[in-house]
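Before any comments, here is the structure.
Throughout, read-outs are computed from the coordinates displayed, never taken from laboratory work. Note that this is a predicted model, so its numbers are computed, not measured. Every residue, glycine as well, gets a Cβ built from its backbone with ideal geometry; the counts of neighbours run over all protein chains shown.
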Amino acid sequence: MDKILIHGGHSLSGSIKISGSKNSALPILAATLLTREPCILHRVPDLSDTHYMLQILMHLGAEVERASGTVTVKAEKTESVAPYDVVRKMRASVCVLGPLLGRCKEATVSLPGGCIIGDRPIDLHLKGFEALGAAVRVENGNVKVFAPKLAGAVINLRGKFGPTVLGTDNVLMAAVLAEGTTVIEGAASEPEVVDLANFLNKMGAKIEGAGTRRLIIEGVAELHGAEHDIIPDRIEAGTFLVAGAICGKGVTLKRVVPEHISAVTNALTQCGYRIETTDRSVTVSPNGEAQALEIATEPYPGFPTDMQAQMCALLSTTKGISAITENIFPQRYMHVAELKRMGAHMQLEGATAVIQGVERLFGAPVMASDLRASAALVLAGLKAEGQTEVSRVYHIDRGYEHLDEKLSELGAHIERVKA
Ligand code: EPZ
């Protein structure tokens, strides 16, 4: 159980490289179950979540080789049951359901349990599988889906809070091997969904419309192996942009796709920071006094919910009254109480955090509760006077590759210690 110690008040500058995307790598690793042939994936980030997914693939019978950021998976044979012990560690494990149903016409996966960021049902995933002709049974904490054969269908995956990312991925991965044409309406259009569709098309799938709300999938009999580069992680990039805004004097991110983070760069520009982009890099630098801001989280291309906590940290020391409304996971505010322990002034009004900017924050021992909340506490620690001690950093290791090392490369006084 490591802790991270941050001595705040040191400005950041310089450049770092962004890693491969966690939320793209996870469904793409699951998609390798759709073929008997080897798949070679580059830029797979070194995270506990990607390790969990590799464990699941090996448990299902796949051969897995890993050499730094390149992973080769060969699922010549595959079981169709993913047990609780492996699945319980990571909700995203649910995205092996679609590939197993597509390939084996049956799959049993432990139902994801509760999540600290809010209610996260998978009803839309199951609705999609049923539309493709699968029977769905939930019993003894497992979800079992099976079908003698899958047939194309028209499916609307839009839910109360908008499209579902992993739901779109899961149904897409089942539909690529269904007979006939499937149309997914209300599909998620996140860059990670597009990256998965590009990988599947390289395997021989026939998918059109990726990146829009309407996907058209022409089912094929089988898929072959493929080689693919995972896209850069736009949420890691957004997190470092906020670090550069919170206490930087010119921070450049390399190996990013600026378009993927335009909602974040637009928000920072509105706040008054200077943003300069080239086709593969983004630089953030101060540009006079920052302004308060009002934003709301939305499905892509709107402002990402996975950047909400980090923006709370930035706006906590931005002069004036800011407001952030969380439309995707309305209860996703575990970081607020911890930021208040560091001297932030924030009130929750329903799904909106109202933030009164303060002059300074003070270092304190704080507790990480989930991946993005823990990143927000580290960012606040960079700004705070004195030492901040973030515990339960295993949350950070789930989604950030060497966060503390990269921050110290930029000049942060940060270290990881054994608890
Ligand atoms: C993905 O989760 C990401 N995880 C999340 O990132 C991200 O916060 C989320 O998309 C939204 O962008 C991965 O890609 C591994 P959703 P996912 O299904 O797919 C409701 C991080 O920090 N819903 O798009 O599980 C749901 O409750 C993680 O990296 C249903 O009602 O999220 C939510 O309110 C955290 N029924 C909304 O839709 C369903 O069947 C969007 O959830 C499915 C979802």
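Things to note:
- Rg/Rg_ref, region 1-152, where Rg_ref = 2.2 N^0.38 Å and atoms are Cα: 1.21
- Fluctuation leader among R213, R137, R372 - the chain, Gaussian network, Cα springs under 10 angstrom: R137
- When you work out D = kT/(6 pi eta Rh) for the chain at 20 °C and 1.002 mPa s, using the Kirkwood radius from C-alpha pairs as Rh and the Stokes-Einstein form, the result is 98 µm²/s.
- Applying a threshold of 22 Å to the alpha-carbon distances of K89/K149; K17/K206; K89/K144; K22/K206; K22/K254; K22/K406 flags K89/K149; K17/K206; K22/K206 as lying beyond it.
- In this calculation the C-beta distance from V154 to E289 is compared with R0 = 60 Å, giving a FRET efficiency of 0.70.
- Rg over Rh [alpha-carbon atoms, Kirkwood Rh] for region 28-106: 0.93
- Label-point gap, in nm, between T181 and E405 - each point 7 angstrom along Cα→Cβ: 5.0 nm
- Using 0.36 nm per residue and subtracting the Cα-Cα separation, the extra length available between L348 and D2 on full extension is 121.5 nm.
- Amide hydrogen proximity for A296: with H placed 1.01 Å from N in the peptide plane, the residues at 5 or more positions away or on another chain lying under 5 Å are T325.
- Per-residue Karplus couplings for region 102-107, computed as 6.51 cos²θ - 1.76 cosθ + 1.60 with θ equal to phi - 60°, are listed in order as x, 7, 9, 6, 7, 7 Hz, Gly and Pro entered as x.
- Once the chain from K254 to C115 is taken as fully extended at 0.36 nm per residue, the excess over their C-alpha distance is 46.8 nm.
- Residues with amide H under 5 Å from that of V220, placed H, sequence gap 5 or more: L177, A178
- Here the Kirkwood formula, the inverse mean of 1/r across different C-alpha pairs, assigns region 60-148 a hydrodynamic radius of 14.1 Å.
- Note that region 271-279 has calculated 3J(HN,Hα) couplings of 6, x, 7, 8, 10, 10, 10, 10, 5 Hz, one per residue in order, obtained from phi through the Karplus relation 6.51 cos²θ - 1.76 cosθ + 1.60 (θ = phi - 60°); glycine and proline are x.
- For region 126-205, the Kirkwood estimate of the hydrodynamic radius, built from every pair of different alpha carbons, is 13.2 Å.
- In this structure, the amide hydrogen of I231, modeled 1.01 Å from its nitrogen in the peptide plane, lies closer than 5 angstrom to those of S21, counting only residues at least 5 positions away or on a different chain.
- Available extension along the chain between A337 and T212 is 41.3 nm, counting 0.36 nm per residue and deducting the alpha carbon span.
- Mean silhouette area of region 297-419, derived from the convex hull of its C-alpha atoms and averaged over all directions, reads 7.5 nm².
- Inter-site label distance for R360 and H51 at 7 Å from Cα along Cβ, in nm: 3.9 nm
- If you model region 160-252 as an ellipsoid using its alpha carbon gyration tensor, with each semi-axis the square root of five times an eigenvalue, the axes come out at 32, 16, 8 Å, biggest first.
- Distance from region 57-136 to region 281-318 (C-alpha centre basis), Å: 33 Å
- Globularity index of region 299-358, i.e. its alpha-carbon radius of gyration over 2.2 N^0.38 Å: 1.04
- Quotient of the Cα radius of gyration of region 245-305 and 2.2 N^0.38 Å, N being its number of residues: 1.11.
- Rh (Kirkwood; distinct C-alpha pairs) - region 212-364, Å: 16.9 Å
- Shown in residue order for region 312-319 are the 3J(HN,Hα) couplings computed by the Karplus curve 6.51 cos²θ - 1.76 cosθ + 1.60 at θ = phi - 60°: 4, 4, 5, 6, 5, 10, 9, 3 Hz (x for Gly and Pro).
- Candidates G61, G288, G363, ranked by Gaussian network fluctuation over the chain, Cα under 10 Å, top entry: G288
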